[in-house]
Each structure stands twice: as C-alpha cells, then as structure tokens.
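Beneath this line is the structure, given in structure tokens, with notes to follow.
Please treat every number below as a calculation from the coordinates, not as lab data. Bear in mind the structure is a predicted one, so any value in this text is a computation, not a measurement. Here the Cβ positions follow ideal geometry from the backbone for every residue, glycine too, while neighbour counts run over all protein chains shown.
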Amino acid sequence: MTSKIIFCGCTESGLDVLNFLISKKIEISQIISLDHDQSIQHKVSGYASYIDVAKKFSIPIYFPKEYSLKNSQDLNFFEKNNFDLLIVGGWQRLIPENILKCIKIGGIGFHGSSEFLPKGRGRSPVNWSIIEGKDRFILHAFLMTPGVDDGDILQHEIFDITQWDTCKTIYYKISIVQKQILEKLIPKLLSNNFERHSQTGEPTFYPKRTPDDGLIDWSKSMIKIHNFVRALTRPYPGAFTYQKNYRINIWSAQPFDTKIIYQSRFGEVVEKFSTGDFVVNCKDGLLLITDYDGEVNVGDLLSSSP
C-alpha cells in the first residue's frame, strides 16, 4: 500500500522543495497551502501559489480555514485522510498537537540558526543570523511537536553565511539542503529505519520581528548597517529610513570605503551618482546604497524618525 504524504507550504522556498520531491518520484498525496487572499491577510513574506503545481501533477490541494490550523474543519480534514507523513516547507505557524496526532509517522519540520538546537529556537532565525554577523547556518530536520522547534533531531547540515549573502540567498541554500536531507530521509521514515536524538542543553529563543523593526539606526557601524539591510531585503519588507517626512526603503547596500573622509554627520548623503546610487557617511566608513525606493539628494540627513 502506498504511503500517504501531505506537503504543507506556502512560500517560494517550499515550492522549490515540493517540485524537487515530485521530480524524484516521491509521491505526494495532498498539498495544504494558502490562497492569494490568505497570504495577504497573514502578510506571508515570500508567498508562492501552489495551485499550478497541484494542477500539473493532479495533486489535491486543500486551503485551510485558518492559517493556524486550529479550526475544527481543518482538524476534520486531517482525521479523515489518515496521512502517514507530514512534510512542512515554508509554513510560518506551529502545527497543533491534535493534528500531529493524526499523522501516523509524524511531521518533519526544519529549523536553523548559527547554533545547534536547542540554541536559536524561535522566530526569524535567518534574519537574526545575518544581523548578528554570523558566518554559518545549521539547518536541522526534526520530528515536530506542538512546541517551538523542540522535537527530536533527525539530521542536520551546516552551510556558510558569506559576506555576499542576503536573506534571499540564504533561503536558496536552505532549499538546497532541505532537498538533500528529504531525499535520503523520507524513505528511511517510511520504512521505520531512522535514528533520532533528543535536544540537550539550555534553549535560547530569537524574538519575533515585525516590519517596523526594519528602521535603520545610523549611529551604528557601517558593517552593522550593511548586515541589517541584507538581512531584511526582499522577500521581506526591507530596511528603511526617513528623509524629512518621507520613508526611504533600502534594499541593497555595500561597504564602500574607510579611507575617504567627509566632515559630515552620520547618516548624511555625501555623494549621489548619475546612476542614482548614493553614499552615506557612517561613523566608521562610507556605505554605498545601490537599490532603494524614494528620493534623496546630497546633503540630506537620513534619520530614524519621520
């Protein structure tokens, strides 16, 4: 009898993983995702529609009553279908205990940060890892529980966070590693031939980030501001600043120079080129802004309030 696998996701990275599993002849019995209106309602960063892939491969798709899956209609869906395995790829909510109990083998979740679990549990670990200037990311596959990233570890892989990475490219790497892990792990889980180990040590938790947390503090160092921008760029709402009463969204920046000196204030625009790129004076160097929304001119002071 064929095992029943349900894939749960609503983001671009999850869609990449789903397409990979299908290409590897891993049979997906059902997809659970959000429709476009639900993605707007819940402000899902990096949302992708799964409707086309569902139609292409004739996989039934279920849109839950609630993103939290706490509605009785959503529980009835899981109870009725008797799934063997749940794979979660890009679902920014915890899976309720009563639904996990409906899954024969269990659910595979992923979580990563710069530290081994239980360090670095919680929200926005990709963003926090870049903001903190970390140089590695450890992605864990674990058996899901109702708690926050506290299930038994099935496998982990480590990859670099380089100076060129942004939150977008880190998600590319996460997608690659998820594919590699799942291709090997799913057959082991379905045949009950897998190892697991519990998390040990004192856990730490990253706090939730909101769009308002993207406000740039120009009193910080050039490198910290650069890390902040690349941590919050697309598909997230982005880092931002103000020029007078106007908001300037900054999507891409790079450390520019530490030897050229301007007698200017921190956060002041000291050069603007014909391309539109501009240079901001920071306390320990110059930052080049190469992608932004808004209008600035030489002499403008970028600030942390309107």
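Key figures
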quantity: Where a label projected 7 Å from the Cα of residue 273 along Cα→Cβ would reach, residues of segment 155-174 with amide N under 19 Å; calculated: 164
quantity: Size descriptor, Kirkwood hydrodynamic radius, that averages inverse alpha-carbon separations across segment 152-306, Å; calculated: 18.2 Å
quantity: FRET efficiency, 1/(1 + (r/R0)^6) with R0 30 Å, evaluated for residue 36 and residue 295 via beta carbons; calculated: 0.45
quantity: Euclidean distance between Cα centres, segment 158-176 to segment 198-222, Å; calculated: 17 Å
quantity: Where labels lie 7 Å past Cα in the beta-carbon direction, separation of residue 52 and residue 217 in nm; calculated: 4.2 nm
quantity: Alpha carbon centroid spacing (whole Å) that separates segment 234-276 from segment 53-123; calculated: 41 Å
quantity: Kirkwood hydrodynamic radius of segment 22-144, Cα pairs, Å; calculated: 16.2 Å
quantity: Estimated FRET transfer efficiency when R0 is 41 angstrom, pair residue 27-residue 135 (beta carbons, to 0.05); calculated: 0.60
quantity: Lysine-lysine proximity count for segment 188-298, Cα under 19 Å, sequence distance 8 or more or distinct chains; calculated: 8
quantity: Highest average packing first - 294-303, 236-245, Cβ atoms within 10 Å; calculated: 236-245, 294-303
quantity: Cα gyration tensor shape for segment 86-219, rounded if a/c is under 1.5, else prolate or oblate; calculated: prolate
quantity: DSSP-loop GluC sites (Glu not before Pro) across segment 194-278, with at most 14 other Cβ within 10 angstrom; calculated: 195
quantity: Two-site FRET efficiency, residue 258 against residue 164, from Cβ-Cβ distance with R₀ of 22 Å, rounded to 0.05; calculated: 0.70
quantity: Bridge type composition, the chain - antiparallel percent by DSSP, nearest 5; calculated: 70 percent
quantity: Percent of C-alpha pairs per 10 Å bin, segment 211-293, short to long; calculated: 19, 56, 24, 1
quantity: Ellipsoid semi-axes in whole angstrom, largest first, where each is sqrt(5λ) of the Cα gyration tensor of the chain; calculated: 41, 20, 16
quantity: Full-stretch length increase - residue 68, residue 194 - with 0.36 nm per residue and alpha-carbon distance subtracted; calculated: 42.4 nm
